[in-house]
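This report concerns only the one structure given below.
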């Protein structure tokens, strides 16, 4: 139960529509009813954060960036029963309301009551102020690029103490999204074929998920030789350089089309090519998040005539409270080689360089440590 009234300040990485990306001293109020205070130990740098910086997802308010994180519970508010002080936890950015029809039907990733995408707590407020006393808002309800957060209980998932914090951070978004796209959204079965376009952190997680279920062949597509080599280590049976290969033609000529085509970039131009990679009855899975308002064009006759499907994939169709512990167990059992997903570990003050890592395709994922 929350008892302290600490308002100690800490540096945080903010994006402001006027000031851009910068570091600012912030403080969090104590955890209130149904809330959890967490000491952040590691946070991943994700393309969703980059979407804010590039304006693909416009923001009209200052945001503490970061939504892929793990840490240790330091305090809890009244009514919290799932975790206690000292527990190691992963933050699940899509904090569900647990009351709407979708939540009650077991589809928390489609929650209609969450305020995470509004960058607030469930009650529409923020727990954060800066040194001037002005409100600052948590990106996706978390704002994890700092040393301490206050978040709703439904955003917190307890994990084994032996799980490394860096791995835990990635379980909170990229890994759950990528592997979930295979297990939950698509339901790929052993022996089915798949192509994965984009071999960043999410795309490599898709490759791992495909290997986990026994898909074959698994084709990875990217522009980066480094990432294609990583995809082979994670289980890709073939790799294609997107700059020199007509991927749709290759899939048809070599395989007669694939059963599943996963797009892990969020590029409308790439997404438009997915149906051309598919065999009849195949499915295109949109894992990467495009810019708000982006549209695409498809051969509608081909989709209908050949029974091809387009599947939207939000957060890997995952329920954090169920899927994150499951993936943690698989990692600890040696079933998922997640360590190689971490390309670099940087201190928080090198966050700007971490975004350059992301944009330049250096490594798979950069972890920030406060």
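Since every read-out is calculated from the coordinates, none of them should be taken as a lab result. A quick note: this is a predicted structure, and the numbers were derived from the prediction, not measured. Quick reminder, even Gly has a Cβ in these numbers, built from the backbone with ideal geometry, and neighbours come from all protein chains shown.
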Could you pull out which residues in the range 47-83 have an amide N less than 12 Å from a spot 7 Å beyond the Cα of residue 18, following the Cα-Cβ vector? 61-62
So for the chain: antiparallel DSSP bridges make up what percent, rounded to the nearest 5? 55 percent
Taking a label point 7 Å from the Cα of residue 280 along Cα-to-Cβ, the residues of the range 227-263 whose backbone nitrogen sits under 13 Å from it are 257
What order do you get for 24, 233 when you list them from fewest to most C-beta neighbours inside 10 Å? 233, 24
Using only the alpha carbons of the range 287-333, determine the length spanned along each of the three principal axes and report them from longest to shortest in whole angstroms. 46, 28, 15
Where Rh is the Kirkwood radius over Cα pairs, Rg/Rh for the range 91-228: 1.05
Report the Stokes-Einstein translational diffusion coefficient (µm² s⁻¹, integer) for the chain, Rh taken as the Kirkwood radius over Cα pairs, at 25 °C with viscosity 0.890 mPa s. 118 µm²/s
Extension gain, residue 321 back to residue 72 (0.36 nm per residue minus Cα-Cα distance, nm): 88.0 nm
For residue 339 and residue 238, FRET efficiency with R0 = 22 Å and r from the beta-carbon atoms, rounded to 0.05? 0.40
For 202, 182, order by how many other beta-carbon atoms lie within 10 Å, fewest first: 182, 202
Report, in deg cm²/dmol and to the nearest 500, the calculated mean residue ellipticity at 222 nm for the chain, where each DSSP H run with n ≥ 4 adds -39500 (n - 2.57) and the sum is divided by the residue count. -7000 deg cm²/dmol
Anyone know which of 131, 181, 354 comes out most mobile in the 10 Å Cα GNM of the chain? 131
So how do 224-231, 64-71 stack up, highest first, on mean other-Cβ count within 10 Å? 64-71, 224-231
If the chain between residue 306 and residue 107 were fully extended at 0.36 nm per residue, the gain over the current Cα-Cα distance would be 68.8 nm
Starting from the Cα of residue 99, step 7 Å toward the Cβ, then list every residue of the range 112-134 with an amide N under 20 Å from that point. 112-127
Computed over the Cα atoms of the range 175-314, what is the ratio Rg over Rh, Rh following Kirkwood? 0.93
